[in-house]
Amino acid sequence: MLRLRQLFYAELIRSWLELVRYPAQFVLGLLLLGLIFYLLFGFARLAGALDSSGLQTTKLITGYLLGIFALATIGGPAQQVSREVKSGSLENMVLSGQGLTAFFVVQVLARSWYSLLQLSLLFVALVFVYKSAFVLNWLLLPAFFLFSIAALGLGLVAGAVVLLYKEVGNIFTLVQLLVFPAVMVEVPQLQWFPLTQGASITRKLLSGVAINPVDWAILALGAVALYSLGVYLFQTADLVARKKGLLGHE
Amino acid sequence: MIHVESIQKAYSSKTNSVKVLEDVSLEVKPGQVCALLGRNGSGKTTTIRIICGLVLPDAGKVSINGHTLGKPEYMAQLGALIDTNRGLYPRLSPFENLQYTCIIRGMSRSAASERAKYLLDLLGLWEKRNAPTQTLSKGMISKMAFALAIAHDPPYLLLDEPTLGLDIDAAETLEEQIQLMAADGKGILLTTHQMEVAERLSSRVAILADGRIVVDKPKRELLDMFAQQRYRIVFAEPLMGLELPYVFTLDSTNTVLEVALQCANEIYDLLDRLRPAPIKSIEKIEADLGQIFKNLTKKEPSHA
C-alpha cells in the first residue's frame, strides 16, 4: 500500500511536470473542448432539442462534460501503455514489482486531476456563459466515483487490447465514438450500461431529482462489475503478453 | 544469488514453434560478473528478459536469494538494463527521470533526489541534469539507461549489451562502474558480443549455443583449459611437406607453426615428429575468449 501511495505521488509529480513543460496542450485542449460544445449546442438548438427552461441545456452540459471525462479515462490506460512501450519504460514498470495492472490503475487515477481541472474550468465557463442552474449535492460524489470506476474498467479493457495487439488506434477511435453519445444523451435502451446510468444519475442529481435506491444499487453493481472485468482482462493480457514475449515490444 | 534452473522457452505461432531455450541453468553470486555469451539468436536476451520477469518461461525456476520470480522481494533485488537506447521519459529531464525511477523503486522523495544527484555526478552527467532528454547524445542516453538500472542500488544487476554502440570514453566509464559494483559485492549478469569486454569484466563465463549452456566456468579456468593445448613453434629454416596428425597452421614463410593438441602430453609426440627440424622457440599460446567462444559455438554448415 505504501508503495502504491509512492507510485501515485510519483505519477502526480510527473504529470504536473509534463503540464508545466507543455502548457499549450492544456490550454488548446480547453479551447477546443469549449468550441466543440458551442457547435453541439448550436446543432441541438437547430434541431429544436432545447427548451426555454434551460433544463435541456443543463443536461447537455452535464452529458458533454461527463462524456469527455469518460473518453479521457477510457483512453488513459491504452494511451499510457503505448507511451510506456514507445519510450521503453514499460520494463521499468515491470521491474518496480507493483504489477502492471496496479501500476496503470494508479497512473490513470493520479493523472485524472488533469482532466478534472480542465473540465472544472470548462464547467464554470459554460455555466457562466449559458446561465445554467445546478443543484449541488453530496450524493454527486458517489455518483461520479462510480461513473469513474466504470470508465476505468472500460479503459483497462482497452489497455488490455493495446497490450496484446498494439496497433488498434482506429478501432479504439470507433469505440470512443460509440461511448461518447451513450454517455452524453440519455438513451433508454442503454440504461443498463453503467456509464449511461452513472451519467443519468449525475444529471438527475444536478437537476435536484431524488434517486431511487434501486438505481444506486444497479449503478454500483454495474460499475464494480465493469471494473472487475477490466482488471481481469488486463491481468490476463499481461500474462499472455509475457508468455508470448510481447511485453515491451512496439 | 540469482538462481536459474532448467528454464525452457519456445515461441509458438499458429504454424510453427521455435525453441529458444532448451535447458538453461546458471547462477550469479554476489561479487561475480558473469558474462553470458552467445551468437545472435542463441537466447541471451530471452534469458535476461525471463530473469527480469518480462517473459514467462515454459518450464524451470528463477529465484533470487530464495525469492521466486515476480514477487516484490525478488524485484526489489534486481536492476536491469534491457535497451541502452530507450527507457527515458522524453518529457522529463535526466534528474527527473532518475528521481521518478528511484521513487517507483521504493525510495522516499528526499532519498530519491539525493540518489539522483549522486548518480548524475558519478556518470559525468551533472551538467546535463536539467537538459531536455531529446538533446542528450547516444552515449549520454546509454549512461542514463545504466543509471536507471542501478537507481535503487540493487544487489543484482542484469545488463544486456551495456556498451553497445558507445564511444571509448563512455564505454570505459560504464566498465569502470561495473567493476566497482562487482568489487562492492554486487552480482552482475551481462551479455555482450564484444569478447574483449567480456574478458575484461567477467569473472565467470557462460556460453549459450542453440538454447543450451555449453560451458559455464570461472573465466580463468576456461582460459587455462584452452591455453594448455595450443602451441606456437618457430623454426630456423622453412619446413617442407609437413604432415601431422594434429590440427595445425603454417605461416607463409613456412617457419611458424601453430598447433592444437588434444592434451598436454602430446607435445612429446609432436617434438618427435618434428625432429630434426631446427626449432628456434616454443611457446604456449594464451587463449582469448573470442577464440574459445568460436570453438565452442561453431556450427556445422547446413546443407539444403
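General observations
- Put a dot 7 Å past the Cα of A:Lys166, heading toward its Cβ, do the same for B:His193, and the two dots end up 2.1 nm apart.
- Heavy atoms of B:His193: accessible area, 1.4 Å probe, square angstrom to 10: 80 Å²
- Principal axis extents of the C-alpha atoms in the range A:113-199 (largest first, rounded to whole Å): 45, 28, 21.
- Over the protein assembly as shown: helical MRE at 222 nm, DSSP H runs n ≥ 4 each giving -39500 (n - 2.57), nearest 500: -18000 deg cm²/dmol
- Computed from the alpha carbon atoms alone, the convex hull of the range B:228-297 holds 97 Å³ per residue.
- Placing +1 on each Lys and Arg Cβ and -1 on each Asp and Glu Cβ, with no other charges, gives chain B a dipole about its Cα centre of roughly 1020 debye.
- Membrane-span-like helices in chain B, defined here as complete DSSP H runs extending at least 18 Å along the helix axis by their C-alpha atoms with mean Kyte-Doolittle hydropathy no lower than 0.0, are B:168-183; this is a sequence and geometry rule, not a statement about a membrane.
- Hydrodynamic estimate: the Kirkwood radius of the protein assembly as shown over Cα pairs, inserted into Stokes-Einstein at 25 °C and 0.890 mPa s, corresponds to D of 89 µm²/s.
- Residues of the range B:52-87 with amide N under 14 Å of the 7 Å Cα→Cβ point at B:Ser17: B:58-59
- Note on A:Ala44/B:Asn85: beta-carbon distance plugged into 1/(1 + (r/R0)^6) with R0 of 41 Å gives a FRET efficiency of 0.20.
- Residues of chain B were split at every exposed loop site, defined as GluC sites (Glu not before Pro) in a DSSP loop with at most 11 other C-beta atoms within 10 angstrom, and the longest piece left, sites excluded, is B:1-242.
- For the cross-link pairs A:Lys59/A:Lys86; A:Lys86/B:Lys298; B:Lys44/B:Lys117; B:Lys219/B:Lys280; B:Lys217/B:Lys284; B:Lys71/B:Lys298, the ones whose C-alpha atoms lie over 29 Å apart are A:Lys59/A:Lys86; A:Lys86/B:Lys298; B:Lys44/B:Lys117; B:Lys219/B:Lys280; B:Lys71/B:Lys298.
- If the convex hull is drawn through the Cα atoms of the range A:2-244, its volume per residue in Å³: 138 Å³
- Kyte-Doolittle at least -0.5, axis length at least 27 Å by Cα - qualifying DSSP helices, chain A: A:2-21, A:23-46, A:55-87, A:100-130, A:140-165, A:213-244
- Residues whose placed amide H lies under 5 Å from that of B:Val215, excluding near-sequence neighbours: B:Ile207
- Within 10 Å of each Cβ in B:50-56, the average number of Cβ atoms from other chains: 6
- Cα principal axis extents for the range A:36-121, largest first, Å: 58, 19, 18
- Note on A:97-107: average number of Cβ atoms from other chains within 10 Å of each residue's Cβ is 2.
- Gain in span if fully extended, A:Phe128 to A:Val240, counting 0.36 nm per residue against the direct Cα distance: 35.3 nm
- For residues of B:142-151, the mean tally of beta carbons on other chains within 10 Å: 1
- Over all projection directions, the Cα-based convex hull of chain B averages an area of 21.1 nm².
- Across the range A:2-244, Cα pairs under 8 Å and at least six residues apart give a relative contact order of 28 percent.
- Relative packing of A:145-155, B:178-188, B:79-89, which averages over residues the other C-beta atoms within 10 Å, highest first: A:145-155, B:79-89, B:178-188
- Taking chain B and dividing mean pair separation by its residue count, relative contact order in percent (alpha carbons under 8 Å, at least six apart): 21 percent
- Largest mean-square fluctuation among B:Ser12, B:Ser42, B:Ser110, in a Gaussian network model of chain B whose springs join Cα atoms under 10 Å apart, belongs to B:Ser12.
- Net lengthening on full extension, B:Gln179/B:Ser113 (0.36 nm per residue, minus Cα-Cα): 21.3 nm
- Spin-label model distance (nm) - B:Gln134 vs A:Leu12, 7 Å beyond Cα toward Cβ: 3.0 nm
- Normalising the average separation of contacting C-alpha pairs (under 8 angstrom, six or more residues apart) by the number of residues puts the relative contact order of the range B:44-178 at 31 percent.
The values are calculated or read from the model by the stated rules, or taken from the named source; none is laboratory data. If you're wondering where the values come from, they're calculated on a predicted model, not measured in any experiment. Every residue, glycine as well, gets a Cβ built from its backbone with ideal geometry; the counts of neighbours run over all protein chains shown. When the accessible area is computed, the model is the full protein with side chains, heavy atoms only, and any ligands, DNA or RNA have been set aside. Shrake-Rupley method; radii C 1.70, N 1.55, O 1.52, S 1.80 Å.
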